[in-house]
Amino acid sequence: MNLKLNSSNLPTSFNNVIIETNDEVTKVRSNLIDLCSIGKWMEEFSILTATKWNVRSSVPKGKYIQCKKHFVCHHSSYHKVDKESNKRGLSKNTSCKAQVKFVIKVDTVSTRKTDPFVKNKLFGVITIWNEHNHSINTAEALRYLKATDDLRQTFEEYLNDGMTMTEAIRYHESVMTMMNCSAEDFANARLNPTYRTVQNWHEKWRSTHLGPRTGQGVIMVCY
């Protein structure tokens, strides 16, 4: 699937300038300053484009650059077995080539002279290869998206209110129904988390508030 980008796909928390865009690649300059800002930019971009990305490499500091980071689509072959060799169920590996590369330039007298974007505080150079070899808006694709921290906090509030894990899931879906959410919203794991995700949140919440199920922690909590 070709994801041709425009300004509406870019994070509004940052000052972005598209300097090139076509069917294959989009190049952007942005006011990024460090790895933390790269992470925030990528998180917002993922939500806006209904995509999910994994870190391929990261360089926290360089001699001629501030830092750089490389993301690949979570359907890439990076750190995954071949689709034919997968024996554990549905494979995420489609060998997708979509990727995003970030480079943050240093702010020096030399770079200000040679790069007008640096002079305007747009230190980040973002190159986005937009071609995904899979759909991104189907129920199957949306269920792979990563749930947000805000959604996790919402479910923790359900648990704090005394709901069981199953009750929290049903209540959340009833809220979505009252809000007239679409079928795509129900399939989107960023809005409606999978059972496995909620189960993981519940285990962490339970360990924090009730202690571990076995071992010394159980004795301490009971005491």
query = Pick from segment 167-185 the residues that are touching a helix residue (DSSP H, G or I) at 6+ places or on another chain (Cβ under 8 Å) and modelled with pLDDT under 90: which of them is farthest from L142 (Cα to Cα)?
reply = A183
message = Anything in segment 21-77 that is of a type in the set (K, R), touching a helix residue (DSSP H, G or I) at 6+ places or on another chain (Cβ under 8 Å) and in a loop (DSSP other than H, G, I, E, B)? List them, or say none.
response = K52
message = With the structure loaded, tell me whether S110 is modelled with pLDDT under 95, over 26 Å from F14 (Cβ atoms) and loosely packed, with under 14 Cβ neighbours inside 10 Å or whether it fails that test.
response = no
query = Looking at (1) within 23 Å of D150 (Cβ to Cβ); (2) surrounded by fewer than 13 Cβ atoms within 10 Å (Cβ to Cβ), which is the one condition that is false for A50?
reply = (2)
key: Conditions (1) surrounded by fewer than 11 Cβ atoms within 10 Å (Cβ to Cβ); (2) outside any helix (DSSP H, G or I); (3) in contact with a helix residue (DSSP H, G or I) (Cβ under 9 Å, 6 or more places away or on another chain): number failed by L191   = (1)
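The values are calculated or read from the model by the stated rules, or taken from the named source; none is laboratory data. Bear in mind that the values here come from a model prediction, so they are computed numbers and not experimental data. Note that we place each Cβ from the backbone using ideal geometry, even for glycine, and neighbour counts take in every protein chain shown.
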